[in-house]
RNA sequence: UGGGGUAUCGCCAAGCGGUAAGGCACGGGACUUUGACUCCCGCAUUCGUAGGUUCAAAUCCUGCUACCCCAG
């Protein structure tokens with residue numbers, strides 16, 4: 001059973017499985033019911049595309065609705081995080097809770113032996129354990145979004161396009177006459193789509209205006225609510241001309257005082273840190289690569305598409321302490337940090353706080 | 001009320017008689033399955049206002065208006 005979004009990747013994934021002799025069923029997930037900023041319900045077009053593609057590759061297709069699950073298990077957390085002044089990544093949760101849980105269960109219940117998606121990642125079974133590997137196309141690798149999965153989920157999953165480049169995928173779509181071969185890559189929150197993010201959030205979060213202040217407390221503007229900004233952000237502050245003429249960036253959120261702390265210049269020291277503490281640590285493997293308290297050298301990503309950063313990490317219970325070799329810019333609470341050993345995605349955690357000095361747990365390790 | 005100064009894009013700011021730099025903000029696009037960052041493009045026929053001098057003024061002169069500083 002292939003989860004089909006109406007995009008090129010999942011369409012080609014279904015096509016490839018069909019060509020490989022699988023008994024393929026395409027399933028479209030509708031998890032969000034709302035028109036986009038232009039008053040268009042993109043899900044309607046996407047569902048049509050799925051139907052058209054399935055007709056061409058000659059497989060049955062169905063649609064399922066996980067709106068309730070999405071609302072309860074993903075969106076609720078998303079809003080709760082924003083209310084706390086953090087910046088969540090709903091898509092990592094969406095993969096764990098919806099695509100690789102609700103959808104996976106759905107597929108298994110209907111008797112499917114495997115589920116597949118159009119993610120640019122690869123999996124491989126070594127010594128009886130299934131690993132998550134980066135997609136072959138380094139520019140499109142999506143393992144960052146799948147770090148919350150567990151072995152058990154990966155065992156049931158196939159990633160037919162993971163070994164290819166985006167260009168190859170499009171070429172295959174083209175050769176096989178799939179109408180979505182030139183469809184633009186989707187962006188924005190999964191299932192919700194590209195939005196004017198601030199306007200979108202305003203539908204759910206109350207605006208609590210307050211001051212924008214410099215690090216030394218000088219008021220330089222007003223914000224519309226801390227939730228509407230994230231660390232390292234430049235656009236949308238609306239302050240210009242004052243000071244030395246350089247751009248202003250968000251360097252901190254003072255939730256207690258409802259103050260957005262801003263600084264001039266993209267290189268504000270306040271934005272750069274080497275150490276971080278993260279929670280909700282997940283190892284993809286059932287057996288962690290190292291025991292708690294043992295330092296592990298690996299590479300990490302603090303955001304999607306960030307080049308690999310060398311670091312030493314230390315797991316302790318469900319927390320992860322990170323010491324990056326280089327200073328990291330705008331590591332943001334609520335965001336995910338994902339760990340890699342070469343091509344293998346080990347897992348990850350959610351950033352809680354950053355620091356310029358090692359945390360107690362990291363000292364002398 | 002005297003004396004002095006300043007008035008150029010939302011903000012900061014070049015310009016000094018030859019036909020409006022730049023930065024920030026903002027808008028659009030690219031990039032992107034989170035949020036951000038980044039990159040590219042756009043952004044004053046007009047220089048507080050009314051006259052005057054000149055072939056030609058934001059740039060010189062005069063009146064008016066506003067703000068600032070000093071004196072009261």
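Here are the numbers for this structure:
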| read-out | value |
| --- | --- |
| Number of positions in region A:215-258 that are under 17 Å from residue A:205 (Cα atoms) and either more than 10 Å from RNA strand B (Cβ to nearest atom) or surrounded by fewer than 18 Cβ atoms within 10 Å (Cβ to Cβ) (or both) | 7 |
| Condition broken by residue A:120, with the remaining ones in (1) modelled with pLDDT of 90 or more; (2) away from RNA strand B (no atom under 13 Å from the Cβ) satisfied | (2) |
| Of all residues making up region A:143-159, the number that are within 19 Å of residue A:14 (Cβ to Cβ), assigned to a loop (DSSP other than H, G, I, E, B) and either more than 14 Å from RNA strand B (Cβ to nearest atom) or without any contact (Cβ under 8 Å) to a residue 60 or more places away in the chain (or both) | 1 |
| So residue A:86, is it surrounded by 14 or more Cβ atoms within 10 Å (Cβ to Cβ), over 26 Å from residue A:16 (Cβ atoms) and touching a residue at least 60 places away in the same chain (Cβ under 8 Å) | yes |
| Pair list, Cβ < 6 Å and 6+ apart or interchain, from region A:15-39 residues that are more than 28 Å from residue A:114 (Cα to Cα) to residues that are at pLDDT below 85 and outside any loop (DSSP other than H, G, I, E, B) | A:36/A:42; A:36/A:193 |
| Some residue of region A:326-334 being in a loop (DSSP other than H, G, I, E, B), touching a residue at least 24 places away in the same chain (Cβ under 8 Å), exposed (fewer than 15 other Cβ atoms within 10 Å of the Cβ) and more than 22 Å from the chain's Cα centre (by Cα) | no |
| Residues satisfying the stated conditions in region A:133-152, i.e. buried (at least 19 other Cβ atoms within 10 Å of the Cβ) and in contact with a helix residue (DSSP H, G or I) (Cβ under 6 Å, 6 or more places away or on another chain) | A:134, A:140, A:145, A:146, A:148, A:149 |
| Test result for residue A:70, free of Cβ contacts under 8 Å to residues at least 40 places away in the same chain and under 18 Å from residue A:103 (Cβ atoms) | no |
| Scope region A:184-200; condition near RNA strand B (Cβ under 6 Å from one of its atoms) and outside any loop (DSSP other than H, G, I, E, B); matching residues | A:189, A:197 |
| Some residue of region A:299-318 being in contact with a helix residue (DSSP H, G or I) (Cβ under 9 Å, 6 or more places away or on another chain), within 13 Å of RNA strand B (Cβ to nearest atom) and part of a strand (DSSP E or B) | yes |
| Every residue from region A:259-279 that is farther than 15 Å from residue A:213 by Cα and away from RNA strand B (no atom under 15 Å from the Cβ) | A:269, A:274, A:275, A:277, A:279 |
| Cβ-Cβ under 7 Å pairs, at least 6 apart or on other chains, region A:226-238 side farther than 18 Å from residue A:302 by Cβ, far side near RNA strand B (Cβ under 6 Å from one of its atoms) and outside any loop (DSSP other than H, G, I, E, B) | A:237/A:248 |
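The values are calculated or read from the model by the stated rules, or taken from the named source; none is laboratory data. Note that this is a predicted model, so its numbers are computed, not measured. Heads up, the Cβs are rebuilt from the backbone with ideal geometry, glycines too, and the neighbour counts pull from every protein chain shown.
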